[in-house]
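Written out below as C-alpha cells is the structure these notes cover.
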Amino acid sequence: MRRVLITGAANRLGTVLAAELLADPQTELVVGLDTRKPDLPPHDRFVHVDADLRSPDLARLIAPHRIDALLHNDLLQFPEPGRSARTLHDTNVVGTLQLLVAAAAQPELRTVVVRSTASIYGSEPQAPAFFTEDMADRYPLRTRWQRDAAESEKLVAALARRRPEVTCTTLRFQPILGRTLDTPIMRLVSSPVIPTWMGFDPMVQVIHGDDAVEAMVVALRRPVRGAVNVAAADTVSLSRVLRRLGKTAIPLLPGAYGTVLGLAARLGMPRMDDDTARFLRYGRGVDTTRMRAELGFEPTLSSIGAIELVAMAQAEAA
Amino acid sequence: MRLPPLPPFPPLTAGPREDRWGYDPDFATAAQPWLDFMYKRWWRVTTTGVDRLPRDGPALIVANHAGVVPWDASMMAAGIRRHEGPDYRHPRFLVLDWAFSLPWASVGIRRFGGVPASPHNALALLKEGHRVMVFPEGAKGVGKPFSRRYRLERFGRGGFIELAMKAGAPIVPCAVVGSEEIYPKIGELPLIARITGAPYFPITPTFPLLGPFGAIPLPSRWRIEFDEPMALDHLPSDTVEDRAKVFELAEEVRQRIQAKVFSNLVEREGAF
C-alpha cells in the first residue's frame, strides 16, 4: 500500500485517516475524494479530487494517480434536510458501484478496504449474543441502511471474485464513538435526555473513533479477504452507559416509541434512525475473534472505556 | 407457617460486575433470598447429586423441562448454590428466544445468567469454561398438557450432543420432578398465543380465571437429581458428523433422565 484513494475524505474519520497515512513516510500519495475540501494542512503528498461518487468520469479522474489501494469511507447512514433518502441510496449503492468499477480499471490496484457496518446483522431479541462474520443473512434486512450496506457489500464481493489479485476487506464497525464525530450514536449521546424502551436494557458494544481509524490503517497494511467485525471486546448494558454519561433516560412504552420520537422530531429534536432505535431496544454484540487473529488488530479502548472518554469530553465542554 | 422476612427484590439495572453476556453476579446474589424462599418454603425442594458436577471446567447440564412457566433452571441453580456453598459456580442457561422480546423479563433473565437459546451462545459459554444448562425438550416440554406429566417429550436433533463434543464438556443429565404440577395446563387459547407471538397461552385451573393470582404457582413438592456425568471425549472426533450416532447418544441421555424422573417420583411420595 503506497498510493491510497480515500473516499469521503472530508468527513471526520476520512480526514483523520488521511492525516494518519500521510504521517507514514512509506505512503507515496493520498488521494482524497470528496465534494468538500478536507480540513487538512497543505501537504505535497496529498491530492484532493473534487468529485461526487456518482460522477460518471470517476475512472478518468483517478487514473493519473495510479492508486494501488482504495479505502471506501463514504457510506451515509441517515437522511437529513438537504440529503434525502433517495440521495442516500444513490450514494451508497450506485456510488459504490461506480467507484468499484472505476477502481477495477486501475491496473495497479491490489487492496480494497470498505468501511461497512455491523448494523447489517440487525438488532434482534433472539439473536446470538455475538454475531460472527458468516451471520450477515441470518435475519431479514429491516431498514434502508441495512439494505444499502448489504448491497454495497455484495458489490465488493463481486469485485473480489472478478479480480482475485485484489484483496478486498469489508470492515463491519459497531457504532463509532468519538467527541468530534457526527454519527447517529453521537447525536444520541450528545442530547440531554435519551429515549429508552421501557423494560429493556440491551447489551451494547461500540468502538472508539481513534480505534476505528487505526483498524482501517491496519486493514490497508495487512488486508484480509472478506468481512471482519470491528468492535471493542466487551459489551455493556445500556443502563450502565447512561449512568456513566450522566444522562437522563426517558423510558417510553414500546407501542408509543415511534410516535413520541416523531413528535419530538417535529419540535426540532434530532431525528432517530430506525437502526439506532432498534439498537436501543435489543442491542447487538459481535464476535471479534477474526479481527484479533487474522487482521491482527486490538482496540486500545474497551466499550466502557470509549464511553468514559466521551463522558469526560462532554463534562469538559460543559 | 411463619414467613421469613424477604429483602426488596433487586433492581434490574446492571452493576459494575456484569460480564459480556449481561450476567450480573450481584443481581444473582441479591435475588437469592427470593429463590431460597421458593426453594425451601414453597416447593420444599430436595436436591441430590450436586457433588457429581465437575468442580471446574465446563459442563453441559441437560434437564427435563415442564411446568408452563420454566422455574426449573432457577431452582436447579438454587440447589447447586445451597450444596456448593462458597465453591459455587453459577450455571448459565439457554432460554427460549421469545422470552428476550419481553420487557423486564428479558432483562431479569439475562442478569441471572440466561442467554437466547442459540448453539453459538452455548458453545461460546462452554468454551469459556462455564456450566451451561440446556432443556432439549424446549417449549414442547414446558407447554405440554398436565395429562402428559412425567413423560419427556422428544429431544429435537440432539444438538446438545454436538455442543458437548465440540467444547469437550461432559454431559450431566438432570431430572426435575415437581415442576410438572406448578401450573397444571388443562387447555390452551391458541388465538391469543398467535396474537402475542407466545409459544402457547395456557389455561390452568386458576389462570386466566383468577387473573394475576393465577400466576402463583402451586406448592408442589420437588426433587432434583444430578446423574453421573457422561464423558464424550473417548469418542472419535468425527462422531459430530455422524447423525445417527449423535441421535443415539441424545436418546441415551433422554432415557437416563426419564429413568431418574420415575425413580424420584417414587421417592417423592405425593405431589403436595
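The convex hull built on the alpha-carbon positions of region A:231-318 has an orientation-averaged projected area of 7.3 nm².
Each residue of region B:66-72 was assigned a 3J(HN,Hα) from its phi angle through the Karplus expression (A = 6.51, B = -1.76, C = 1.60, θ = phi - 60°), giving 7, x, 6, 10, x, 7, 4 Hz with x at Gly and Pro.
Within region A:110-175, the percentage of alpha carbon pairs spaced more than 20 angstrom apart rounds to 30%. Across region A:198-214, coupling constants 3J(HN,Hα) worked out from phi with the 6.51/-1.76/1.60 Karplus curve, θ = phi - 60°, read 4, x, 10, 9, x, 8, 10, 9, 9, 9, 7, x, 4, 5, 4, 4, 4 Hz, and Gly and Pro carry x. Put a plus charge on the Cβ of each Lys and Arg, a minus charge on the Cβ of each Asp and Glu, and nothing anywhere else: the dipole of the protein assembly as shown about its Cα centre is then about 1240 debye.
According to the Cα-based calculation, Rg over Rh for region B:174-272 is 1.13, with Rh computed by the Kirkwood formula. Annotation: Cα Rg of region B:39-120 relative to the compact-globule expectation 2.2 N^0.38 Å equals 1.15. Which of rounded, prolate or oblate describes chain B when judged by the alpha-carbon gyration tensor and an a/c cut-off of 1.5? Rounded, because the longest to shortest axis ratio a/c is under 1.5. Dividing the alpha-carbon Rg of chain A by 2.2 N^0.38 Å yields what? Chain A yields a ratio of 0.98.
In the calculated pair-distance distribution of region A:1-129, the portion above 27 angstrom amounts to 21 percent of the Cα-Cα pairs. Averaged over peptide B:110-116, the number of partner chain Cβ atoms lying within 10 Å of each residue's Cβ comes to 2. Hull volume per residue, based on the alpha-carbon atoms of region B:124-213 and their convex hull, is 141 Å³. Applying 0.36 nm per residue to the separation of residue A:84 and residue A:105 and subtracting their alpha-carbon distance, the gain on full extension is 4.5 nm.
Keeping all protein chains in place and using 1.4 angstrom, which order do B:41, B:111 fall into by accessible surface area, from largest down?
B:41, B:111
Our coupling estimate for region A:158-175, obtained by passing each phi through the Karplus curve with A = 6.51, B = -1.76, C = 1.60 and θ = phi - 60°, is 5, 5, 4, 6, 6, 10, x, 6, 9, 8, 9, 10, 10, 9, 9, 7, 6, x Hz, Gly and Pro reported as x. How high is the relative contact order of region B:1-146, given as a whole-number percent (alpha carbon pairs under 8 Å, six or more residues apart)? With pairs under 8 Å counted, the relative contact order is 32 percent. Using the average count of surrounding beta-carbon atoms within 10 Å as a protection proxy, the listed peptides A:88-101, A:240-253 rank, highest first, as A:88-101, A:240-253.
Computed over chain A, the per-residue total of -39500 (n - 2.57) for DSSP H runs of n ≥ 4 gives a 222 nm mean residue ellipticity of -10500 deg cm²/dmol, rounded to 500.
Using a cut-off of 27 Å between Cα atoms, the listed pairs A:154/B:166; B:144/B:260; B:140/B:245; B:185/B:260; B:144/B:166; A:154/A:247 include A:154/B:166; B:144/B:166; A:154/A:247 as exceeding that distance. Taking the square roots of five times each eigenvalue of the Cα gyration tensor of region A:1-57, the equivalent ellipsoid has semi-axes of 18, 12, 9 Å, listed largest first. For chain A, the longest principal axis of the C-alpha atoms and the axis of helix A:303-317 are separated by about 80°.
The mean sequence separation of alpha-carbon pairs under 8 Å and at least six residues apart, normalised by the residue count of region A:21-80, gives a relative contact order of 25 percent. Peptide B:97-104 shows a mean partner chain C-beta count of 5 within 10 Å per residue C-beta. Taking amide hydrogens as placed 1.01 Å from N in the peptide plane, the amide H of residue B:49 sits under 5 Å from those of B:226, each at least 5 positions away in sequence or on another chain. The convex hull built on the alpha-carbon positions of region B:120-164 has an orientation-averaged projected area of 3.6 nm².
Reported value for region A:188-231: 98 Å³ per residue, from the convex hull of its C-alpha atoms. Rounded if a/c is under 1.5, else prolate if a/b beats b/c, else oblate: with a ≥ b ≥ c from the C-alpha gyration tensor eigenvalues square-rooted, which is region B:1-139? Since a/c stays below 1.5, the shape of region B:1-139 is classed as rounded. Starting from the Kirkwood radius over alpha-carbon pairs of region B:1-45, derive D by Stokes-Einstein at 37 °C in a medium of 0.692 mPa s and give it in µm² s⁻¹. Estimated diffusion coefficient is 278 µm²/s. Our compactness index for region A:125-231, the C-alpha radius of gyration over the empirical 2.2 N^0.38 Å, is 1.24. Spin-label model, residue A:142 to residue B:19: label points 7 Å out along the Cα-to-beta-carbon direction sit 2.8 nm apart.
Distance distribution note for region A:165-282: the fraction of Cα pairs above 20 angstrom is 48%. The protein assembly as shown has equivalent-ellipsoid semi-axes of 51, 27, 21 Å, by the square roots of 5 times the alpha carbon gyration tensor eigenvalues, sorted largest first. Averaged over peptide B:165-178, the number of partner chain Cβ atoms lying within 10 Å of each residue's Cβ comes to 0.
Taking Cα centroids, how far is region A:18-64 from region B:197-272 in Å? So the two Cα centres are separated by 64 Å. A viscosity of 0.692 mPa s and a temperature of 37 °C, combined with the Kirkwood radius over C-alpha pairs in the Stokes-Einstein formula, give region B:220-272 a diffusion coefficient of 248 µm²/s.
Projecting the Cα atoms of A:125, B:211, A:194 onto the charge dipole of the protein assembly as shown (Cβ charges, centred on the Cα centre) puts B:211 farthest toward the positive pole.
With all protein chains in place and ligands, DNA and RNA left out, the 1.4 Å accessible area ranks B:165, A:269, A:186 as A:269, B:165, A:186, largest first. Sort region A:163-205 into rounded, prolate or oblate with this rule: let a ≥ b ≥ c be the square roots of the eigenvalues of the Cα gyration tensor; rounded if a/c is under 1.5, and if a/c is not under 1.5, prolate when a/b is larger than b/c, oblate otherwise. Note, shape of region A:163-205 comes out oblate.
When each of the peptides B:89-101, A:15-27 is scored by how many other beta carbons lie within 10 Å of its residues on average, the order from highest to lowest is B:89-101, A:15-27.
Taking every C-alpha pair closer than 8 Å and separated by at least 6 residues, the mean separation divided by the residue count of region A:50-185 gives a relative contact order of 29 percent.
The values are calculated or read from the model by the stated rules, or taken from the named source; none is laboratory data. These numbers were taken from a predicted model, which means no experiment stands behind them. We place every Cβ from the backbone using ideal geometry, glycine too, and count neighbours over all the protein chains shown. To get the accessible areas, we keep the full protein, side chains included, count just its heavy atoms, and leave off ligands, DNA and RNA. Shrake-Rupley method; radii C 1.70, N 1.55, O 1.52, S 1.80 Å.
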